[in-house]
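Take a look at the structure set out below.
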Amino acid sequence: MWNLNEIIEQLKPIEILKPKKVNFKNISIDSRAIEKDDIFLAFKGEFKDGHDFINEAFNKGCSLCICEKSIDKPYLKVLNSKKALKDLASFNKIKSKTKVIAIVGSVGKTSTKELLKSYFNVSNINFFYTQKNENNWIGVCKTLLRASSSSTFGIVETGTNHKGEIAEIASFLKPDFVIFTEIGTSHIGNFGSIEAIFEEKSSIVNFLEDKKNVIYNLDNPIQKNNFTKFQISYSKIDSNACVYLIDYNKEEYFNKLYLNAFGKKFQVKAPFWLNISNILAAAAFLGSQKLLDENYFQEALNNIILPDYRMQLEKLGHTNFILDCYNASFESIKFAIDELNTKKGKKLAILGDVLELGIHTESLHKKIGEYISAFDIDCLAYGHNAKYIALANKNIQVFENKEELLKTLRSIYEKYDWILIKGSRKLKMEEIFYNLRGLT
């Protein structure tokens, strides 16, 4: 619930045409989502200007508009709508008294968020969270606008693809905790080095009130070298971590994990497609807040559902497909190959381009080819940079045309028990499977 006087106090608008109402349900920047008694906040985006949709918002029941121009309906005119959005998002977070968990990293943000979501659901803890992939500044604002006094935690993914973006987000997010997942080569073309990527992502720590509330991966060298024992660590290999993996048994569809969390030993069964480090990250946060319950944690693992195209299992005839095509990095491809390698029977990986690698494009694609060549896994490579994957192994077939790849795959897929399809989002690699299924 939003109060008009509070909004005016926060924004200090330069013009006001007051509505009859003083309380409103929601604030939305999307006119299509407006409901009766909502506030529409109009700003000029990269592709569309919200001011063009003000009439549509009022036709749908909007009671007040926050905008940069004078109109003949109830409105608050501000100098900068984008700043107004950030100010209201930050104010709502503070007003709700919710503790915000920011999740930062090159890979694993969504998996970690989804596991925490699942845990909070089964343990009846109220929370709000990042929806879809809304982890830029606009998405973070939309997430904070959903905070309420009934929320205990907010789970907020924070992403970046250019320098300064994390600090911009953190300046109004003001997180209470930061969970670092793997720091790797995603968007390295925009930053130049992993060190620069870490500098960008770790800038969020400057906005933490309590610097001890950092949960970090002790197995990631750059995190190990920059964080301390006074912060909260997790590890697959180091028993000095607050939460660490004692041992594990891999099965075809599940991993049995034996964990030590802050001195307490327990075991859980996790789906094979969930990265163990992300499981440990969630356990480290929960354990640090004395919220970790073994039974709830197992139930959360049983119930977790990842969004589409993230290690998504499909079947065509007797052949199992793993669609991991939401996005790709060198690190996430290695993880997917490792999981494919644990499967029984004959295996094939269809690997697409990794984008935004800049001067590292050739070397990292070549490393992908070298990595998969160490396993008994056949490989088809697709995309403009696929030729670099094949440099390491002359048996890797290269395709720049999706139709040609599909034609080949249609003739051979039935001899495989497991097929991994992995590539960057722009390649829409899932089309390979759906076209194959439609043609069969």
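The values are calculated or read from the model by the stated rules, or taken from the named source; none is laboratory data. Please read these numbers as outputs of a predicted model, since none were measured by experiment. Please note: Cβ atoms are built from the backbone with ideal geometry, for glycine as well, and neighbour counts cover all protein chains shown.
Hey, can you tell me all the residues within segment 73-86 that are within 24 Å of the chain's Cα centre (by Cα) and in contact (Cβ under 8 Å) with a residue 60 or more places away in the chain?
Just the residues of segment 73-86 that are within 24 Å of the chain's Cα centre (by Cα), to begin with: 82, 85-86.
Correct list: LYS86 only.
Quickly run through segment 95-140 and pick out the residues that are of a type in the set (A, V, I, L, M, F, W, C) and in contact (Cβ under 8 Å) with a residue 60 or more places away in the chain.
The initial filter retains those residues of segment 95-140 that are of a type in the set (A, V, I, L, M, F, W, C), namely 100-104, 107, 115-116, 120, 122, 125, 127-128, 137-138, 140.
Once the filter is applied, which keeps residues that are of a type in the set (A, V, I, L, M, F, W, C) and in contact (Cβ under 8 Å) with a residue 60 or more places away in the chain, segment 95-140 yields VAL100, ILE101, ALA102, ILE103, VAL104, VAL107, LEU115, LEU116, VAL122, ILE125, ILE138.
Mind counting the residues in segment 51-66 that are of a type outside the set (Asp, Glu) and either in a helix (DSSP H, G or I) or not assigned by TED's automatic domain parsing to the domain that holds SER31 (or both)?
So the first thing to find is which residues in segment 51-66 are of a type outside the set (Asp, Glu), and the list is 51, 53-55, 57-66.
This time we only want the ones that are either in a helix (DSSP H, G or I) or not assigned by TED's automatic domain parsing to the domain that holds SER31 (or both), so: 51, 53-55, 57-59.
Residues in segment 51-66 being of a type outside the set (Asp, Glu) and either in a helix (DSSP H, G or I) or not assigned by TED's automatic domain parsing to the domain that holds SER31 (or both): 7 in total.
Residues being in contact with a strand residue (DSSP E or B) (Cβ under 9 Å, 6 or more places away or on another chain), farther than 18 Å from LYS95 by Cα and either aromatic (Phe, Trp, Tyr) or assigned to a helix (DSSP H, G or I) (or both): count how many of those fall in segment 120-168.
The qualifying residues number 4.
Please give the number of the condition LYS60 fails out of (1) basic (Lys, Arg); (2) modelled with pLDDT of 95 or more; (3) under 30 Å from the mean Cα position of the chain (by Cα); (4) surrounded by fewer than 24 Cβ atoms within 10 Å (Cβ to Cβ).
(3)
Of all residues in segment 1-35, how many are touching a strand residue (DSSP E or B) at 6+ places or on another chain (Cβ under 9 Å) and either among the hydroxyl-bearing types (Ser, Thr, Tyr) or in a loop (DSSP other than H, G, I, E, B) (or both)?
15
Give the residues of segment 25-59 that are under 27 Å from SER149 (Cβ atoms) and among the basic types (Lys, Arg), sorted by residue number.
Across segment 25-59, the qualifying residues are LYS25, LYS36.
Of all residues in segment 13-24, count the ones that are closer than 22 Å to ALA147 by Cβ and charged (D, E, K, R).
1
Is it the case that PHE198 is assigned to a helix (DSSP H, G or I), touching a residue at least 12 places away in the same chain (Cβ under 8 Å) and closer than 23 Å to THR98 by Cα?
No.
Please name all residue pairs, on different chains or six or more residues apart, with Cβ atoms under 8 Å, provided the first residue is in segment 211-231 and is within 17 Å of LEU286 (Cα to Cα) and the second residue is among the hydrophobic types (A, V, I, L, M, F, W, C) and surrounded by fewer than 19 Cβ atoms within 10 Å (Cβ to Cβ).
Note: pairs meeting the criteria are LYS212/PHE230; VAL214/LEU208.
Take the residues in segment 169-180 that are in a helix (DSSP H, G or I) and either of a type in the set (Val, Ile, Thr) or out of contact with any strand residue (DSSP E or B) (no Cβ under 9 Å at 6 or more places or on another chain) (or both), then tell me which one is surrounded by the fewest Cβ atoms within 10 Å (Cβ to Cβ). If you could, list the steps in order and put the result at the bottom.
First, pick out the residues of segment 169-180 that are in a helix (DSSP H, G or I): 169-173.
When the remaining residues are screened for being either of a type in the set (Val, Ile, Thr) or out of contact with any strand residue (DSSP E or B) (no Cβ under 9 Å at 6 or more places or on another chain) (or both), the result is 169, 171-172.
On the way: ILE169: 27, SER171: 14, PHE172: 20.
Once the filter is applied, the top-ranked residue is SER171.
Considering (1) closer than 29 Å to ILE359 by Cα; (2) surrounded by fewer than 18 Cβ atoms within 10 Å (Cβ to Cβ), say which one GLU209 fails and leave the rest.
(1) is the only condition that GLU209 fails.
Say whether the condition of being outside the structural domain of ALA196 (by TED's automatic domain parsing), in a helix (DSSP H, G or I) and over 30 Å from SER193 (Cβ atoms) is met by at least one residue in segment 422-430.
yes
Name, by its number, the condition in (1) free of Cβ contacts under 8 Å to residues at least 12 places away in the same chain; (2) among the basic types (Lys, Arg); (3) part of a loop (DSSP other than H, G, I, E, B) that does not hold for LYS69.
So LYS69 meets the others, but not (1).
For LYS109, indicate whether it is of a type in the set (D, E, K, R), at pLDDT 95 or above, surrounded by 20 or more Cβ atoms within 10 Å (Cβ to Cβ) and in the same structural domain as ASN136 (by TED's automatic domain parsing).
Working: of a type in the set (D, E, K, R): yes; at pLDDT 95 or above: yes; surrounded by 20 or more Cβ atoms within 10 Å (Cβ to Cβ): yes; in the same structural domain as ASN136 (by TED's automatic domain parsing): yes.
Yes: the conditions hold for LYS109.
Condition check ((1) within 22 Å of the chain's Cα centre (by Cα); (2) among the aliphatic types (A, V, I, L, M)) across all residues:
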residue: ILE215; (1), (2): yes, yes
residue: ASP219; (1), (2): yes, no
residue: PHE227; (1), (2): no, no
residue: ASP238; (1), (2): no, no
residue: GLU251; (1), (2): no, no
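Please go through segment 347-393 and give me each residue that is assigned to a strand (DSSP E or B) and of a type in the set (A, V, I, L, M), ordered by number. Outline the logic, then answer.
Step one: filter segment 347-393 for residues assigned to a strand (DSSP E or B), giving 347-352, 378-382.
LEU348, ALA349, ILE350, LEU351, LEU380, ALA381 - these are the residues of segment 347-393 that are assigned to a strand (DSSP E or B) and of a type in the set (A, V, I, L, M).
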